[in-house]
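Q: Pasting in a structure now, in structure tokens, and then I'll have a few things to ask.
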Amino acid sequence: MFASLRPFLQRKLSADPMLRHADFRRYWLASTITTFGEQVSGLAIPLTAVGMLKATSAQMGILIALGALPAALFSLPVGVWLDRRSKYPVLLWTKLIFCVLLALIPISYYLHSLTISVLYAEGFLVGICYVVSASASQVFLVQMVGREHLLDVQSKFAGTDSIARLLGPGIAGMLVQMLTAPVAVLVDAIGVIAAWWSLRRVRKRDVRPAPSDRHPFREMLDGIKMIWHHDILWTLAWSMALWQILFNGYLVVQIPFATHQLGMSPGWLGAAQIFGGLGVFASSMLFRPLSRWFGRGRTILIGLSGSGVAWLLLAMIPVHLCGSALLSASAYAVTVFVFDCCSMLYFMSYATLRLQLAPERFQGRTVSIMRFMTAAAAPLGALSAGWIAGHLGVRNALVVIAMGGILLIFGLLTASLLRDILD
């Protein structure tokens with residue numbers, strides 16, 4: 001069996017140019033480890049706030065908003081800064097800073113000094129690191145593999161993301177149940193070190209851009225004007241901005257709805273989130289054929305429509321579906337599957353188009369400026385959802401989010417520009 005497996009793997013490696021790319025394999029491994037860790041801490045940190053610190057809906061809204069706020073504050077200067085320097089050292093340093101920040105949560109817990117204010121500071125600082133790291137990693141990836149391989153690369157990332165989504169929430173749920181949420185965050189911190197080590201082995205070094213004597217503010221304005229006058233990039237930017245408002249509201253109410261309304265334990269919640277991983281896996285299988293059949297513009301519309309429907313279905317789940325809490329938890333899991341599949345189809349199409357359409361000298365600014373444009377209003381979504389949940393209830397907050405998603409779908413259906421993107 002093992003003797004036949006080796007030739008099979010060798011044939012797969014030789015047939016796929018990206019799998020033959022040693023630097024890409026190391027980068028892919030680092031990305032996979034990071035994604036696994038994000039699944040763990042993405043469940044453990046909110047559960048720390050809700051379960052251990054008894055955070056209210058308003059406090060959860062502030063927590064999510066503070067995590068999104070750095071994108072609004074720092075994306076524009078970060079884009080100019082990245083266009084003036086090598087991205088590889090930035091990736092290494094941000095990994096180390098991520099590790100330190102994550103380790104502060106278990107350290108604070110064992111020192112009996114963990115408060116909601118600590119989580120607020122944590123969310124804001126991690127958000128700053130993410131703005132820098134995510135922008136640098138996307139530009140470095142384009143320089144490493146070339147634009148012509150972006151569709152294949154996004155599909156591979158989606159495949160490993162789905163595995164992380166399958167295993168990560170279940171592991172996180174078990175860690176939280178058995179060892180407390182702060183210990184689960186510590187696992188993510190250890191994983192970040194492993195990802196840093198894999199990135200250290202990447203041999204590719206991006207060339208440092210030529211020094212610029214132009215004022216950074218002027219370069220920032222040039223990037224904004226380029227996107228403003230680019231019809232497709234501008235459509236992608238405002239549609240993602242509105243979706244991010246809704247998505248950040250969803251992040252605020254998702255776990256309180258599952259735990260308080262449906263009565264799901266951390267273990268059940270982690271098990272249900274595994275279906276999200278199946279959804280991401282399904283999106284990785286569907287992305288390339290859908291893009292080939294309908295084009296990435298129509299794939300964006302398909303993904304947006306599915307995510308809006310999923311929000312509406314989630315709001316309609318009763319406490320005891322047909323008299324059974326288990327059936328309610330199962331309905332929650334199926335809805336998470338639909339949402340994660342459709343939202344990943346949307347995001348992969350968006351990210352691929354953004355990188356392919358951006359002029360090379362504007363790549364750092366394009367990623368960062370569009371992140372600013374799409375994330376500047378995200379804290380508004382988190383704070384609004386927290387306020388609505390606190391005054392009208394978590395379920396009603398979900399209904400408002402679902403209605404917003406449906407309105408966004410109808411708005412984009414009128415944007416014939418996206419429908420006409422066939423390649």
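Q: Report the extension gain between TRP238 and HIS320 in nm, rounded to one decimal, defined as 0.36 nm multiplied by the number of residues separating them, less their alpha carbon distance. Don't skip to the answer; put the middle values down first.
A: Working: separation 82, 0.36 × 82 = 29.52 nm, distance 3.85 nm.
Going from the current span to full extension adds 25.7 nm.
Q: Mind jotting down the distance between the C-alpha centroids of the range 50-102 and the range 297-359, whole Å?
A: 25
Q: Any lysines with Cα under 16 Å of the LYS156 Cα? List them, leaving off those in the same chain fewer than 8 positions away.
A: Once the sequence-local lysines are set aside, what remains near LYS156 is LYS12.
Q: Also, quick follow-up: Can you figure out the FRET efficiency of GLN143 with ASP222, using R₀ = 30 Å and their beta-carbon distance, to the nearest 0.05? Let's see the in-between values first.
A: On the way: r = 21 Å, r/R0 = 0.68.
Step by step, r from the Cβ atoms, then E = 0.90.
Q: Another question, if that's okay. As I understand it, the dipole of the chain uses +1 on the Cβ of Lys and Arg and -1 on the Cβ of Asp and Glu, about the Cα centre. Which of PRO89, SER113, SER368 lies farthest toward its positive end?
A: Sorting the options by dipole projection puts first PRO89.
Q: Run the dipole for the chain about the Cα centre, Lys and Arg Cβ at +1, Asp and Glu Cβ at -1, nothing else charged, and hand back the magnitude in debye, nearest 20. Don't skip to the answer; put the middle values down first.
A: Values: 33 positive and 18 negative charges, 229 e Å.
Dipole about the Cα centre, nearest 20: 1100 debye.
Q: Quote to one decimal, in nm, the extra length available between SER86 and LEU312 on full extension: 0.36 nm per residue of separation minus the C-alpha distance between them.
A: Values: separation 226, 0.36 × 226 = 81.36 nm, distance 4.42 nm.
Fully extending the segment from SER86 to LEU312 adds 76.9 nm.
Q: Set Lys and Arg Cβ to +1 and Asp and Glu Cβ to -1, take the dipole of the chain about its Cα centre, and tell me which of LEU413, ALA397, ALA184 lies farthest positive.
A: The residue sitting most towards the positive pole is ALA184.
Q: Could you tell me what percent of the accessible area of the chain is made up of carbon and sulfur, with a 1.4 Å probe and every protein chain present? Don't skip to the end; give the middle numbers.
A: Working: 12930 of 18530 Å².
After summing per-atom areas, the C and S share lands at 70 percent.
Q: Also: Using 0.36 nm times the number of residues separating ILE302 and ARG205, minus their current alpha carbon distance, what extension gain do you get? It would help to have the intermediate numbers written out before the result.
A: Numbers: separation 97, 0.36 × 97 = 34.92 nm, distance 3.75 nm.
Using 0.36 nm per residue and subtracting the Cα-Cα distance, I get 31.2 nm.
Q: So, how do all the Cα-to-Cα distances of the range 50-151 break down into 10 Å bins, in percent, from 0 on up?
A: 14, 37, 29, 16, 5, 0
Q: Turning to a different aspect of this structure: Near LYS225, which lysines are there with a Cα under 25 Å away, not counting those fewer than 8 places off in the same chain?
A: Hits, sequence-local ones excluded: LYS87.
Q: Related question: Which one of LEU47, GLN356, MET285 has its Cα pushed farthest toward the positive end of the charge dipole of the chain, where Lys and Arg give +1 and Asp and Glu give -1 at the Cβ?
A: Towards the positive end, the residue furthest out is GLN356.
Q: Within the chain, which whole H helices from DSSP have a Cα span along their axis of at least 27 Å and a mean Kyte-Doolittle hydropathy of 1.0 or more, if any? Write out the running numbers ahead of the final one.
A: Details: long enough: 22-47 (38 Å, 0.30); 57-82 (37 Å, 1.67); 88-110 (35 Å, 1.67); 116-145 (42 Å, 1.60); 150-179 (40 Å, 0.81); 181-200 (29 Å, 1.49); 231-256 (39 Å, 1.07); 266-315 (39 Å, 0.84); 325-357 (48 Å, 1.26); 394-413 (29 Å, 2.21).
Taking the DSSP H segments of the chain (at least 27 Å long, mean hydropathy at least 1.0), we get 57-82, 88-110, 116-145, 181-200, 231-256, 325-357, 394-413.
Q: Leaving out ligands and nucleic acids, note down the accessible area per residue over the chain with a 1.4 angstrom probe, in whole Å². List each step's numbers first, then the result.
A: On the way: 18530 Å² over 423 residues.
Per residue, the chain has 44 Å² of solvent-accessible surface.
Q: Say we join alpha carbon atoms closer than 10 Å with springs in a Gaussian network model of the chain; which of ALA44, ALA22, ALA315 then has the biggest fluctuation?
A: ALA22
Q: Roughly how many nanometres apart are two label points built 7 Å out from the Cα toward the Cβ at ALA121 and LEU73?
A: 1.4
Q: With r as the distance between the Cβ atoms of ALA22 and TRP93 and R0 = 35 Å, compute the FRET efficiency 1/(1 + (r/R0)^6) and round to 0.05.
A: Details: r = 23 Å, r/R0 = 0.66.
Once the sixth-power term is evaluated, E becomes 0.95.
The values are calculated or read from the model by the stated rules, or taken from the named source; none is laboratory data. Since the structure is predicted, the reported quantities are computational estimates derived from the model, not experimental observations. Here Cβ is always computed from backbone atoms with ideal geometry, including for glycine, and neighbour counts include all displayed protein chains. The area values use the complete protein model at the heavy-atom level, side chains included, leaving out ligands, DNA and RNA. Shrake-Rupley method; radii C 1.70, N 1.55, O 1.52, S 1.80 Å.
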